[in-house]
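The values are calculated or read from the model by the stated rules, or taken from the named source; none is laboratory data. A quick note: this is a predicted structure, and the numbers were derived from the prediction, not measured. With ideal geometry, Cβ positions are generated from the backbone for all residues, glycine too; neighbour counts draw on all protein chains shown.
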């Protein structure tokens, strides 16, 4: 058996330094070689595939740019985002919420982007993504599916990663919507007595499928009829107080649809013995997914003010304040 002699120990510091310097030099050469290989592989691709890969890199860089509104330019509307179809604005708002709440955030594509054409002309792009949040790195096997638009630009129609696909219980970025159970109380018929409002969501079977797609709103005062909300598997409810000035409390619900889409708002008021929908509008996603803000306000003389989504001349979502008469 060989033994280490004292001479090796005496000079081990020098040997270690030399070895590290040599190792770093080798790693640098390997990294340069890898980058060159990626560039050479890119040059061999058809020009259309090069354009798609360029868009993927630009999309990735937008996460680090601080100009997160740029992400809107890279998504179709709606997007199949982590196995749920939701509006593009909700995807961008969720990403902004996550990135801006972090003390530090970096996102980097590692190595080569694999690109695979489909029969329909779409491209699936697969890549390793290094995400570092608050100095804690995680690597994901990510993929995007890109679709060519009428103006020849490319937009993302699907975003996910293999880790999320393998974990159906994983809560996606946009799942910040808090559903209500029976937490709202008010004088909804104006008789001076308060009643509880109870949300009855559709039940699920053992596999997680909903047995119906209708959510019911019930009340502890049985003189108030139940409300059926179709195409809805849950709501976030808020007592708006007497928003229209008729002497009874009104309430609003933000609807969650079976496909996970969130944002439609309904304002209910009890008038002449039945429930009326005073307003139905689309809420800005950042005011639904963060903390529920006052989407509806009293505007005087039976009028209400709502914060809803409209479109700019270039078809982008924008906030609009509307005045609606409830008379």
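Please pick out the residue among 263, 310 that is part of a strand (DSSP E or B), without any contact (Cβ under 8 Å) to a residue 12 or more places away in the chain, closer than 30 Å to residue 79 by Cβ and not assigned by TED's automatic domain parsing to the domain that holds residue 92.
Going through 263, 310 in turn, the sole match is 310.
For segment 182-254, which strands (runs of 3 or more DSSP E) that fit wholly inside it have 3 or more residues that are in the same structural domain as residue 280 (by TED's automatic domain parsing) and either within 25 Å of the chain's Cα centre (by Cα) or surrounded by fewer than 19 Cβ atoms within 10 Å (Cβ to Cβ) (or both)?
Correct list: 195-200, 214-219, 227-230, 234-241.
Give the residues of segment 48-68 that are surrounded by fewer than 16 Cβ atoms within 10 Å (Cβ to Cβ) and touching a residue at least 24 places away in the same chain (Cβ under 8 Å), sorted by residue number.
57, 64
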